[in-house]
Amino acid sequence: MSNRIGVHALVWVGGWSEAEAHTAISASAKAGFDLIELAALNPETFNAQMTASLLSEYRLQAAVSLGLDEYTDVSSDDDQIVAAGRARLALALNLVRDIGANYLGGVIYSRLGRYAQPVTARGRANSIDSIAWLADKAAASGITLGLEFCNRYETNVLNTTAQTLQFIEEIGRSNVMAHLDTYHMNIEEESFRGPVLAAAAAGKLGYVHVGESNRGALGNGSIAWAEFFSALREVNYGGIITFESFSSKVVHPTLSANLSIWRDLWTDSMELATAARAFIREGYGC
Ligand code: MN
(Lines give C-alpha, C1' and ligand atoms only; values in the text may rest on other atoms or scores of the structure.)
Protein backbone atom coordinates (compact mmCIF):
# COMPACT_ATOMS: atom_id res chain seq x y z
CA MET A 1 0.00 0.00 0.00
CA SER A 2 1.11 3.54 -0.60
CA ASN A 3 -0.82 5.14 2.24
CA ARG A 4 0.47 8.38 3.67
CA ILE A 5 1.19 8.00 7.38
CA GLY A 6 0.62 10.98 9.67
CA VAL A 7 1.17 12.06 13.24
CA HIS A 8 -0.94 14.44 15.30
CA ALA A 9 0.81 17.67 16.35
CA LEU A 10 -0.10 17.11 20.02
CA VAL A 11 2.44 14.27 20.11
CA TRP A 12 5.04 17.07 19.95
CA VAL A 13 3.68 20.48 20.96
CA GLY A 14 0.65 22.16 22.52
CA GLY A 15 0.80 25.44 20.59
CA TRP A 16 1.92 26.72 17.17
CA SER A 17 4.53 29.44 17.64
CA GLU A 18 7.32 29.39 15.05
CA ALA A 19 9.56 27.48 17.49
CA GLU A 20 6.82 24.93 18.23
CA ALA A 21 6.00 24.52 14.53
CA HIS A 22 9.69 23.93 13.80
CA THR A 23 9.96 21.32 16.57
CA ALA A 24 6.81 19.47 15.47
CA ILE A 25 7.47 19.50 11.72
CA SER A 26 11.15 18.55 11.92
CA ALA A 27 10.46 15.79 14.49
CA SER A 28 7.58 14.34 12.41
CA ALA A 29 9.88 14.06 9.40
CA LYS A 30 12.69 12.62 11.51
CA ALA A 31 10.39 9.97 13.01
CA GLY A 32 9.49 8.80 9.48
CA PHE A 33 6.05 10.31 8.95
CA ASP A 34 4.74 11.76 5.65
CA LEU A 35 2.25 14.14 7.20
CA ILE A 36 1.45 16.16 10.31
CA GLU A 37 -2.10 16.85 11.47
CA LEU A 38 -2.44 20.35 12.89
CA ALA A 39 -4.96 21.04 15.68
CA ALA A 40 -6.46 24.35 14.53
CA LEU A 41 -9.11 24.95 17.20
CA ASN A 42 -8.36 28.65 16.73
CA PRO A 43 -7.43 28.84 13.05
CA GLU A 44 -7.02 32.63 13.22
CA THR A 45 -3.92 32.20 15.41
CA PHE A 46 -2.06 30.05 12.84
CA ASN A 47 0.64 31.64 10.71
CA ALA A 48 -0.03 29.92 7.38
CA GLN A 49 2.99 31.32 5.54
CA MET A 50 5.45 30.24 8.25
CA THR A 51 3.80 26.81 8.39
CA ALA A 52 3.88 26.34 4.60
CA SER A 53 7.54 27.30 4.50
CA LEU A 54 8.50 24.79 7.24
CA LEU A 55 6.44 22.03 5.58
CA SER A 56 8.26 22.66 2.35
CA GLU A 57 11.68 22.76 4.06
CA TYR A 58 11.08 19.34 5.68
CA ARG A 59 9.12 17.90 2.72
CA LEU A 60 6.18 17.11 4.99
CA GLN A 61 2.48 17.23 4.08
CA ALA A 62 -0.25 18.45 6.42
CA ALA A 63 -3.88 17.92 7.32
CA VAL A 64 -5.94 20.15 9.60
CA SER A 65 -8.46 19.16 12.27
CA LEU A 66 -10.43 20.94 14.92
CA GLY A 67 -13.38 20.69 17.29
CA LEU A 68 -15.84 23.55 17.70
CA ASP A 69 -16.65 25.14 21.07
CA GLU A 70 -19.89 26.31 22.72
CA TYR A 71 -19.70 29.71 20.99
CA THR A 72 -19.21 28.22 17.50
CA ASP A 73 -21.28 25.02 17.67
CA VAL A 74 -22.96 24.56 14.27
CA SER A 75 -25.29 21.95 15.85
CA SER A 76 -26.76 24.61 18.13
CA ASP A 77 -30.41 25.76 17.93
CA ASP A 78 -29.15 29.35 18.12
CA ASP A 79 -28.66 30.90 14.66
CA GLN A 80 -26.03 33.37 15.94
CA ILE A 81 -23.89 30.55 17.34
CA VAL A 82 -24.27 28.61 14.09
CA ALA A 83 -23.17 31.69 12.11
CA ALA A 84 -20.11 32.09 14.37
CA GLY A 85 -19.33 28.41 13.77
CA ARG A 86 -19.51 28.82 10.02
CA ALA A 87 -17.17 31.82 10.24
CA ARG A 88 -14.61 29.76 12.20
CA LEU A 89 -14.88 26.83 9.78
CA ALA A 90 -14.37 29.19 6.84
CA LEU A 91 -11.16 30.47 8.49
CA ALA A 92 -9.99 26.88 8.99
CA LEU A 93 -10.69 26.19 5.32
CA ASN A 94 -8.55 29.19 4.35
CA LEU A 95 -5.75 27.84 6.55
CA VAL A 96 -5.92 24.42 4.85
CA ARG A 97 -5.75 26.10 1.43
CA ASP A 98 -2.95 28.49 2.42
CA ILE A 99 -0.64 25.77 3.74
CA GLY A 100 -1.15 23.71 0.57
CA ALA A 101 -3.17 20.95 2.27
CA ASN A 102 -6.40 19.33 1.11
CA TYR A 103 -8.05 17.88 4.23
CA LEU A 104 -10.12 19.49 6.99
CA GLY A 105 -11.52 17.06 9.54
CA GLY A 106 -12.44 16.43 13.14
CA VAL A 107 -15.49 17.55 15.06
CA ILE A 108 -16.38 20.29 12.58
CA TYR A 109 -20.09 19.38 12.83
CA SER A 110 -20.49 19.86 16.61
CA ARG A 111 -18.96 21.16 19.79
CA LEU A 112 -16.16 18.93 21.08
CA GLY A 113 -17.16 18.10 24.63
CA ARG A 114 -19.78 16.49 26.80
CA TYR A 115 -23.42 17.43 26.25
CA ALA A 116 -26.11 17.02 28.92
CA GLN A 117 -28.85 16.10 26.41
CA PRO A 118 -29.29 14.64 22.90
CA VAL A 119 -28.95 16.86 19.83
CA THR A 120 -32.25 18.47 18.81
CA ALA A 121 -33.78 17.96 15.36
CA ARG A 122 -33.16 21.63 14.61
CA GLY A 123 -29.54 21.44 15.79
CA ARG A 124 -28.88 18.37 13.63
CA ALA A 125 -30.40 20.13 10.61
CA ASN A 126 -28.27 23.23 11.29
CA SER A 127 -25.18 21.03 11.35
CA ILE A 128 -26.09 19.29 8.07
CA ASP A 129 -26.78 22.64 6.35
CA SER A 130 -23.50 24.09 7.68
CA ILE A 131 -21.37 21.18 6.49
CA ALA A 132 -23.07 21.26 3.06
CA TRP A 133 -22.29 25.01 2.89
CA LEU A 134 -18.68 24.39 3.93
CA ALA A 135 -18.31 21.49 1.47
CA ASP A 136 -19.24 23.75 -1.44
CA LYS A 137 -16.61 26.30 -0.39
CA ALA A 138 -14.08 23.46 0.12
CA ALA A 139 -14.74 22.00 -3.31
CA ALA A 140 -13.63 25.26 -4.93
CA SER A 141 -10.14 24.67 -3.43
CA GLY A 142 -10.08 20.90 -3.95
CA ILE A 143 -10.43 20.29 -0.20
CA THR A 144 -12.09 17.20 1.34
CA LEU A 145 -14.00 17.42 4.62
CA GLY A 146 -13.89 14.58 7.15
CA LEU A 147 -16.52 14.04 9.84
CA GLU A 148 -14.85 12.35 12.80
CA PHE A 149 -17.47 10.67 14.94
CA CYS A 150 -16.52 10.60 18.60
CA ASN A 151 -17.59 8.73 21.70
CA ARG A 152 -20.68 9.89 23.59
CA TYR A 153 -18.69 12.04 26.03
CA GLU A 154 -17.23 14.22 23.25
CA THR A 155 -20.27 14.93 21.04
CA ASN A 156 -24.00 14.12 20.89
CA VAL A 157 -24.29 14.39 17.08
CA LEU A 158 -22.24 11.48 15.63
CA ASN A 159 -21.09 8.53 17.77
CA THR A 160 -20.92 5.69 15.22
CA THR A 161 -19.97 4.97 11.62
CA ALA A 162 -23.60 4.19 10.70
CA GLN A 163 -24.78 7.58 12.02
CA THR A 164 -21.95 9.29 10.16
CA LEU A 165 -22.75 7.59 6.84
CA GLN A 166 -26.44 8.52 7.18
CA PHE A 167 -25.49 12.14 8.00
CA ILE A 168 -23.16 12.28 4.97
CA GLU A 169 -25.92 10.95 2.73
CA GLU A 170 -28.21 13.75 3.92
CA ILE A 171 -25.48 16.33 3.30
CA GLY A 172 -25.24 15.05 -0.28
CA ARG A 173 -21.78 16.37 -1.18
CA SER A 174 -19.12 14.17 -2.80
CA ASN A 175 -16.24 15.81 -0.87
CA VAL A 176 -17.59 14.95 2.61
CA MET A 177 -16.12 11.72 4.04
CA ALA A 178 -16.21 9.63 7.21
CA HIS A 179 -13.19 9.83 9.52
CA LEU A 180 -12.77 6.67 11.63
CA ASP A 181 -10.80 6.67 14.90
CA THR A 182 -10.05 3.39 16.69
CA TYR A 183 -10.20 5.04 20.13
CA HIS A 184 -13.84 6.12 19.58
CA MET A 185 -14.75 2.91 17.70
CA ASN A 186 -13.52 0.88 20.69
CA ILE A 187 -16.10 2.61 22.91
CA GLU A 188 -19.10 2.79 20.56
CA GLU A 189 -18.90 0.14 17.80
CA GLU A 190 -19.69 -3.59 17.96
CA SER A 191 -16.53 -4.50 16.04
CA PHE A 192 -13.66 -2.91 14.11
CA ARG A 193 -14.21 -4.78 10.83
CA GLY A 194 -17.90 -4.01 10.26
CA PRO A 195 -17.60 -0.19 10.33
CA VAL A 196 -14.54 -0.20 8.04
CA LEU A 197 -16.38 -2.34 5.50
CA ALA A 198 -19.55 -0.22 5.74
CA ALA A 199 -17.67 3.06 5.22
CA ALA A 200 -15.69 1.61 2.31
CA ALA A 201 -18.82 0.14 0.68
CA ALA A 202 -20.40 3.62 0.76
CA GLY A 203 -17.25 5.04 -0.86
CA LYS A 204 -16.84 7.22 2.23
CA LEU A 205 -13.80 5.87 4.11
CA GLY A 206 -11.86 9.13 3.98
CA TYR A 207 -9.37 9.27 6.85
CA VAL A 208 -8.20 7.08 9.72
CA HIS A 209 -6.91 7.86 13.21
CA VAL A 210 -5.04 5.09 14.97
CA GLY A 211 -5.29 5.68 18.70
CA GLU A 212 -4.98 3.25 21.59
CA SER A 213 -7.87 2.56 24.00
CA ASN A 214 -6.24 4.78 26.66
CA ARG A 215 -4.90 7.28 24.05
CA GLY A 216 -1.34 6.27 24.98
CA ALA A 217 1.28 4.28 23.04
CA LEU A 218 0.03 1.90 20.33
CA GLY A 219 -0.01 -1.68 21.60
CA ASN A 220 -0.34 -0.70 25.28
CA GLY A 221 -4.13 -0.96 25.40
CA SER A 222 -7.03 -3.15 24.32
CA ILE A 223 -7.66 -2.14 20.67
CA ALA A 224 -8.05 -5.22 18.39
CA TRP A 225 -5.28 -4.10 16.03
CA ALA A 226 -5.09 -7.29 13.97
CA GLU A 227 -8.83 -7.05 13.21
CA PHE A 228 -8.66 -3.34 12.35
CA PHE A 229 -5.60 -3.51 10.07
CA SER A 230 -6.93 -6.63 8.40
CA ALA A 231 -10.22 -4.81 7.64
CA LEU A 232 -8.29 -1.88 6.12
CA ARG A 233 -6.40 -4.37 3.92
CA GLU A 234 -9.65 -6.12 3.01
CA VAL A 235 -11.06 -2.88 1.54
CA ASN A 236 -7.70 -1.86 0.06
CA TYR A 237 -7.64 1.40 2.03
CA GLY A 238 -5.10 3.67 0.39
CA GLY A 239 -5.75 6.90 2.29
CA ILE A 240 -4.13 8.66 5.23
CA ILE A 241 -3.52 6.88 8.55
CA THR A 242 -2.64 9.29 11.36
CA PHE A 243 -1.30 8.36 14.79
CA GLU A 244 -3.07 10.20 17.58
CA SER A 245 -1.98 10.12 21.23
CA PHE A 246 -2.23 12.47 24.18
CA SER A 247 -0.46 12.83 27.49
CA SER A 248 -0.38 15.53 30.16
CA LYS A 249 3.26 15.98 29.07
CA VAL A 250 2.06 18.05 26.05
CA VAL A 251 -0.82 20.38 26.84
CA HIS A 252 -3.07 22.35 24.47
CA PRO A 253 -5.07 24.74 26.69
CA THR A 254 -8.50 23.82 25.29
CA LEU A 255 -8.04 20.50 23.45
CA SER A 256 -6.41 18.69 26.37
CA ALA A 257 -9.24 19.74 28.69
CA ASN A 258 -11.97 18.81 26.15
CA LEU A 259 -10.42 15.35 25.75
CA SER A 260 -9.94 14.86 29.53
CA ILE A 261 -6.18 14.34 29.26
CA TRP A 262 -5.32 14.21 32.94
CA ARG A 263 -2.60 11.56 33.05
CA ASP A 264 1.00 11.30 32.05
CA LEU A 265 0.80 8.31 29.63
CA TRP A 266 4.19 9.02 28.07
CA THR A 267 6.95 11.59 28.43
CA ASP A 268 9.29 11.08 25.46
CA SER A 269 7.58 12.24 22.24
CA MET A 270 10.26 10.92 19.86
CA GLU A 271 10.33 7.48 21.49
CA LEU A 272 6.50 7.34 21.32
CA ALA A 273 6.30 8.49 17.68
CA THR A 274 9.11 6.24 16.42
CA ALA A 275 7.50 3.21 18.07
CA ALA A 276 4.08 4.18 16.60
CA ARG A 277 5.56 4.47 13.10
CA ALA A 278 7.06 0.98 13.44
CA PHE A 279 3.78 -0.38 14.88
CA ILE A 280 1.83 0.85 11.82
CA ARG A 281 4.45 -0.60 9.45
CA GLU A 282 4.33 -3.99 11.20
CA GLY A 283 0.53 -3.98 11.44
CA TYR A 284 -0.40 -2.62 8.02
CA GLY A 285 2.74 -3.13 5.98
CA CYS A 286 3.46 0.49 5.12
MN1 MN B 1 -9.21 11.21 16.53
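The values are calculated or read from the model by the stated rules, or taken from the named source; none is laboratory data. Since the structure is predicted, the reported quantities are computational estimates derived from the model, not experimental observations. All Cβ positions, glycine included, derive from the backbone under ideal geometry; neighbour counts span all protein chains shown. Only protein heavy atoms, including side chains, enter the accessible area calculation; ligands, DNA and RNA are left aside. Shrake-Rupley method; radii C 1.70, N 1.55, O 1.52, S 1.80 Å.
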Relative contact order computed over the chain (Cα-Cα under 8 Å; 6+ residues apart), in percent: 19
Residue (of Gln61, Ser2, Ala48) at the positive-pole extreme of segment 1-70, dipole from beta-carbon charges: Ser2
Extension reserve of the Ala48-Glu18 stretch, reckoned as 0.36 nm per residue once the Cα distance is removed: 9.7 nm
Residue-normalised accessible area of segment 5-284, expressed per residue, 1.4 Å probe, Å²: 40
Mean residue ellipticity (222 nm) of the chain, computed from DSSP H runs ≥ 4 via -39,500 (n - 2.57), nearest 500: -13000 deg cm²/dmol
Unit Cα scatterers, Debye sum, segment 173-237: log10 I(q)/I(0) for q = 0.13, 0.18, 0.27, 0.28 Å⁻¹: -0.33, -0.61, -1.22, -1.29
Inter-probe distance in nm under a simple model that places probes 7 Å from Cα toward Cβ, at Asp98 and Thr274: 3.6
Inter-part distance where segment 179-226 and segment 79-107 are each reduced to a Cα centre, Å: 25
Contour minus Cα-Cα distance for Ser248 and Ala90 (0.36 nm per residue): 53.8 nm
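Whenever you get a sec, compute what percent of the accessible area on segment 5-284 sits on carbon and sulfur atoms (1.4 Å probe). Kindly include the intermediate steps, with their values, before the conclusion.
Values: 5270 of 11140 Å².
With neighbouring chains kept in place, the figure for segment 5-284 is 47 percent.
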Neighbour-limited loop hits for GluC sites (Glu not before Pro), segment 147-223 (at most 10 other Cβ within 10 Å; DSSP other than H, G, I, E, B): Glu190
Stretch gain in nm, segment Glu282-Thr267, where the contour uses 0.36 nm per residue and the Cα spacing is subtracted: 3.1 nm
